[in-house]
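What follows is a single structure, written as structure tokens, with notes after it.
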Amino acid sequence: MSSVAKKPATAGNALAKTAEKPVQKRVRRTADEARRLILDAAEKRLARQGPEGLRLQDIARDVGISHPAILHHFESREGLVRALIARTNKQLRDSLLGALGDGDASRDAADHIGHVFEALSDKGTARLLSWLLLTGRATEESDAHNIMGEIVEVLQDRREEYARETETAAPDKEDTLFIAMLTANAAFGEAIVGRQLAEAAGLDQDGIKRFRKWFAKLINDHLETER
């Protein structure tokens, strides 16, 4: 029975094996860029998995950094949560108020409602805010309580502007508040249980879109009766 002699390891073979493994270059990031990437990863995990998804080791692995690097930028897990709250509040405020401030006063309500659903439901913001509210963390940032008030003020200003242009009666501010609350509640509801309810009712993704259009028409019809 013949045997095949193994070739002795040589320096050339060792170099060849080393060449097969490309050396990964260390990515240098600014402090702001690193913080942004960490918050992006934390936001995705929290929106997808809830609070149990907010593990620093997992977030560090998502970003491709070490666990101590997160502590360097945010000091602790709670520090990361506070930064996430502040950024979420700012993004939500900028998105909603920016949408309301864009265009003419007579712009169809469906456009604004679409922005609300996109900001709260599609991007997972409502799931994040719900967890923050239920755990009491939202109280740490006063901006969370000012967003609705700002939205109502901007929306009321736009309705009054339209009333002046069309020489119709000025809208009641409480009516504007109720419209904002109804829209926010609908978007939050869709984000939390809407998908499951839609599936149970036999609705697909297109069905959810039709619901949004139906809801926007409901608000538009109400606004028309108030003019």
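The values are calculated or read from the model by the stated rules, or taken from the named source; none is laboratory data. Source: prediction; values computed, not measured. We place every Cβ from the backbone using ideal geometry, glycine too, and count neighbours over all the protein chains shown. Accessible surface is based on the protein model in full, side chains and every heavy atom, while ligands, DNA and RNA are left aside. Shrake-Rupley method; radii C 1.70, N 1.55, O 1.52, S 1.80 Å.
Any chance the stretch 46-58 includes a residue that's in a loop (DSSP other than H, G, I, E, B) and aliphatic (A, V, I, L, M)? Yes. Among the residues making up the stretch 68-83, those that are surrounded by fewer than 19 Cβ atoms within 10 Å (Cβ to Cβ) and either touching a Pro at 6+ places or on another chain (Cβ under 7 Å) or farther than 21 Å from Arg48 by Cα (or both) are Pro68, Ala69, Leu71, His72, His73, Glu75, Ser76. Here Ile38 fulfils each of the conditions (1) at pLDDT 85 or above; (2) open to solvent by less than 40 Å² (accessible area, probe 1.4 Å); (3) out of contact with any helix residue (DSSP H, G or I) (no Cβ under 6 Å at 6 or more places or on another chain) apart from (3). Ala163 meets the stated requirement of being surrounded by 11 or more Cβ atoms within 10 Å (Cβ to Cβ), among the small types (Gly, Ala, Ser) and more than 29 Å from the chain's Cα centre (by Cα). For the stretch 18-35, a tally of residues being open to solvent by 90 Å² or more (accessible area, probe 1.4 Å) and either in contact with a helix residue (DSSP H, G or I) (Cβ under 9 Å, 6 or more places away or on another chain) or at pLDDT 75 or above (or both) returns 1. Restricting the first member to the stretch 137-160 and to residues that are closer than 13 Å to Leu96 by Cβ, and the second to residues that are open to solvent by 70 Å² or more (accessible area, probe 1.4 Å) and at pLDDT below 85, the beta-carbon pairs closer than 6 Å and six or more apart or on different chains are Ile147/Arg93.
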